[in-house]
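The values are calculated or read from the model by the stated rules, or taken from the named source; none is laboratory data. From a predicted model like this one, the values you see are computed outputs, not experimental measurements. Don't worry about glycine lacking a Cβ; one is built from the backbone with ideal geometry, like all the others, and counts go over all protein chains shown. Heads up: the accessible areas ignore ligands, DNA and RNA and are worked out on the full protein's heavy atoms, side chains in. Shrake-Rupley method; radii C 1.70, N 1.55, O 1.52, S 1.80 Å.
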Amino acid sequence: MIEQHHWVEDSNPSSTPTIHDICAASRRTVLQGGVGAALGGLFAPWLAGCASASAGGAPLLGFRSVPVSQADAVVVPEGYVAQVIAPWGEPVGVAGAMPAFRADASNSAAEQAVQMGMHHDGMAYYPLQGSSRHGLLALNHEYVDHGLLYPDGRQGWSAEKVRKSQAAHGISVIEVAEHDGRWEVRRPSTYARRITAYSPFAVGGPAAGHPMLRTAADPSGRTVLGTFNNCAAGATPWGTYLSGEENWIYYFACDRQPDAHEVRWGLRRGTGARWHEHDERFDAGRHPNEPNRFGWIVEVDPFDPNSTPVKRTAMGRAAHEGATTTLTRDGRAVVYSGEDARFEYIYKFVSRDRMQPGGARANATLLEHGTLYVARFDADGTGRWLPLVHGQGPLAAANGFADQGEVVVKARQASDALGGTRMDRPEWLAIDEARREVYCSLTNNSARGTAGMPGVDAANPRARNTMGQVIRWREGDDFDAITFTWSHFVLAGDAANERAEARGNVRGDAFACPDGLWMDRRGVLWICTDMSPSAMGRGEYTRLGNNALLAADPRSGEVRRFLTGPAGCELTGATTTPDGRTLFVNIQHPGENSESGDSSGAQRSSHWPDGGQARPRSATVVVRRLDGGLIGT
Ligand code: FEO
Ligand code: CA
Ligand code: CA
């Protein structure tokens, strides 16, 4: 069911570059004469902030925690103000195509294709001329709620309804600016753009043109229509946007028994999102290669609305939860990505080539060539990156891997063969450049240790893990290291819970189900929570209220609740401007609950942000301090 937020699969028997990215690259330039030139003019203004960002001493967290909330509202700490921008249905600002949102959801599919999509998720801010007051926001629209998308839900399912559903997915690029402490979306904007579930994509990397990607409609295997279920995201140091295709398999229908490959990727006999009824390529029974064309990290140039986005297959196929990028000392790209499904994997990609000056165009093939690794976490606190390279170890034709293209299409099977560690649903990653540490949220895994499922291991230490954890590791000499050391930053939970495995070890405010992560320029780790709407406020989550955005101090381990969201929502996509004075965060699926089904606004637990009996709408929240100071201090 597409309405159900939590597809949890167990088919396995910088965002803008942070100031850390820029500072670290700058330091490397000084030390080695390396990549600095490549940073070019785009991010040059950020370099001025490096000295202050690395100056230590003051406590990282200075605000007072907000209390647990069950209100249908966004609550921020004293001294802060929150503002809503860019809710679902507002025009993105394409000149000559700015249809107003209609509150009864009667906008057409064509109108939706130039309006903000539904269910805002991963997001990155791109400064224009280095500004922290004027820039672009690129953001994902993970999925849709068909009860809210149309005046009459899914009654009278039609080609128009399928098209509108597809148009409400994908990615938006909007131009935003601040004036006197208020942010607004600039319309029209020459940057404004929507990418939908039917926009043309090029395919790059070892699976481009591969037989497993060829279909009747695209015998070349090099042009794919659309991206959907885009979850987490990240900016690259060369100024592009990376977005992960997450639970794409559930959009496919299949009227026969899936084969072993399809089963490993979670294809089930059934009707999927019912897109196939009016768009035949989503019938995997008839078009078995179409699902192989999804599950990739896609790259978008947010500065060029006419550019063709690309599926970067060298980084492997997965239920990708975004992509977080840094650079090695000599300027090669390193991209981390989790696969949010039960008992799946964490990946790292290291590019062969170095980043070049000149932005997206100059780096158009940077993510085409390199080495993909899967993580293995050993019980002694060390770990190893295992290469997914055709011809090495078990990844040979005899085992079903004919070439590197097949290795990346079958990255799960390759990781199974290599012995990667099956994790508790890896979600977002954040990088502490100064310490060469990477943080990854493992949101929960209630199947861990249950009958027929894998048991606990050192990295995933709790049976029936309802709470989740944040794991962190320190790479060896550089981000291309083959070995690392790891520990748990925090086991989420509530100390008042009866069951020991649900108590956790949080220092500070209790929380559950970490999902979005972002490390700001001061080194604060921001944690977005995503307790399932159907479980929120019940059982082991009883005392935790609505989902929240928390701030953590990586040195002391302290966690403080910074913002609570409206009823039924999750928090996601937190990011900050380079000056650290504006925080953007997305409110996704307010008013969702397990009973909501096809119901429209009146029956929902939330009417945020419009109030009354309005349909709840996902939107971006902008948080500032009333005195204009640094967020979180
Ligand atoms: Fe789309 Fe893993 O949350
Ligand atoms: Ca997520
Ligand atoms: Ca999640």
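Just a few scattered comments:
- Any hit, the range 364-372, residues being crowded, with 16+ Cβ neighbours inside 10 Å and under 25 Å from Arg342 (Cβ atoms): yes
- Leu372 meets all of the listed conditions (1) touching a Pro at 6+ places or on another chain (Cβ under 9 Å); (2) assigned to a strand (DSSP E or B); (3) closer than 21 Å to Ala552 by Cβ but one, namely (3).
- One residue alone among Trp238, Trp183 is closer than 23 Å to Trp518 by Cα and either within 16 Å of ligand 2 (Cβ to nearest atom) or part of a strand (DSSP E or B) (or both), and that residue is Trp183.
- Residues of the range 406-440 that are at pLDDT below 95 and within 25 Å of Asp121 (Cβ to Cβ): Glu433 alone.
- Within the range 523-550, tally of residues that are over 16 Å from Ser69 (Cβ atoms), open to solvent by less than 20 Å² (accessible area, probe 1.4 Å) and of a type in the set (A, V, I, L, M): 3
- Residues within the range 494-522 that are within 30 Å of Ser132 (Cβ to Cβ), open to solvent by 10 Å² or more (accessible area, probe 1.4 Å) and among the small types (Gly, Ala, Ser), tallied: 1
- With respect to the stated conditions, Val374 is within 21 Å of Phe479 (Cβ to Cβ), more than 16 Å from ligand 2 (Cβ to nearest atom) and in contact with a Leu (Cβ under 6 Å, 6 or more places away or on another chain).
- Test: residue in the range 574-581 that is outside any strand (DSSP E or B), closer than 19 Å to Ala124 by Cα, charged (D, E, K, R) and open to solvent by 30 Å² or more (accessible area, probe 1.4 Å): yes
- Note on the range 448-477: residues that are open to solvent by 10 Å² or more (accessible area, probe 1.4 Å) and within 16 Å of ligand 3 (Cβ to nearest atom) amount to 1.
- Residues within the range 290-314 that are out of contact with any helix residue (DSSP H, G or I) (no Cβ under 8 Å at 6 or more places or on another chain) and either assigned to a loop (DSSP other than H, G, I, E, B) or within 16 Å of ligand 1 (Cβ to nearest atom) (or both), tallied: 6
- Residue check for Val350: under 17 Å from Gly516 (Cα atoms) and either touching a strand residue (DSSP E or B) at 6+ places or on another chain (Cβ under 9 Å) or not in a loop (DSSP other than H, G, I, E, B) (or both): no
- Any hit, the range 121-140, residues being assigned to a strand (DSSP E or B), of a type in the set (S, T, N, Q), crowded, with 21+ Cβ neighbours inside 10 Å and within 16 Å of ligand 1 (Cβ to nearest atom): yes
- In the range 453-481, the residues that are of a type outside the set (Phe, Trp, Tyr) and in contact with a Gly (Cβ under 7 Å, 6 or more places away or on another chain): Gly455, Val456, Ala463, Arg464, Met467
- Residue list for the range 525-547, filter: outside any strand (DSSP E or B) and within 15 Å of ligand 2 (Cβ to nearest atom): Asp530, Met531, Ser532, Pro533, Asn547
- Only a single item in (1) open to solvent by less than 30 Å² (accessible area, probe 1.4 Å); (2) assigned to a loop (DSSP other than H, G, I, E, B); (3) of a type in the set (A, V, I, L, M, F, W, C) is not met by Val408, and it is number (2).
- Just one residue in the set Gly117, Gly34 is touching a Gly at 6+ places or on another chain (Cβ under 7 Å) and modelled with pLDDT of 80 or more; that residue is Gly117.
- Hey, Ala333 more than 18 Å from Phe201 (Cα to Cα), aliphatic (A, V, I, L, M) and either within 16 Å of ligand 2 (Cβ to nearest atom) or open to solvent by 10 Å² or more (accessible area, probe 1.4 Å) (or both) or not: no
- Only one entry in Thr326, Thr308 is over 17 Å from Ser172 (Cα atoms) and of a type in the set (S, T, N, Q), namely Thr326.
- Only one of the listed residues (Ala100, Ala105) is in a loop (DSSP other than H, G, I, E, B), of a type in the set (Gly, Ala, Ser) and crowded, with 19+ Cβ neighbours inside 10 Å. That residue is Ala105.
- Each residue in the range 530-555 was checked for being in contact with a Gly (Cβ under 6 Å, 6 or more places away or on another chain) and not hydrophobic (A, V, I, L, M, F, W, C), and 3 pass.
- Applying a threshold of 6 Å to beta carbon distances and a minimum spacing of six or more residues, or different chains, the list of pairs starting in the range 213-232 at a residue that is farther than 10 Å from Glu290 by Cα and assigned to a strand (DSSP E or B) and ending at one that is of a type in the set (Phe, Trp, Tyr) and within 14 Å of ligand 1 (Cβ to nearest atom) reads Ala232/Trp428.
- Single condition Leu550 does not satisfy, out of (1) of a type in the set (A, V, I, L, M, F, W, C); (2) away from ligand 1 (no atom under 16 Å from the Cβ); (3) part of a strand (DSSP E or B); (4) more than 16 Å from Asp520 (Cβ to Cβ): (4)
- Options Arg615, Arg604; residue that is closer than 17 Å to Gly89 by Cα, of a type in the set (D, E, K, R) and buried (at least 21 other Cβ atoms within 10 Å of the Cβ): Arg615
- With respect to (1) open to solvent by 50 Å² or more (accessible area, probe 1.4 Å); (2) within 16 Å of ligand 2 (Cβ to nearest atom), the lone exception for Arg555 is condition (2).
- Among residues of the range 315-330, those that are open to solvent by less than 10 Å² (accessible area, probe 1.4 Å) and either away from ligand 3 (no atom under 16 Å from the Cβ) or not in a loop (DSSP other than H, G, I, E, B) (or both), counted: 11
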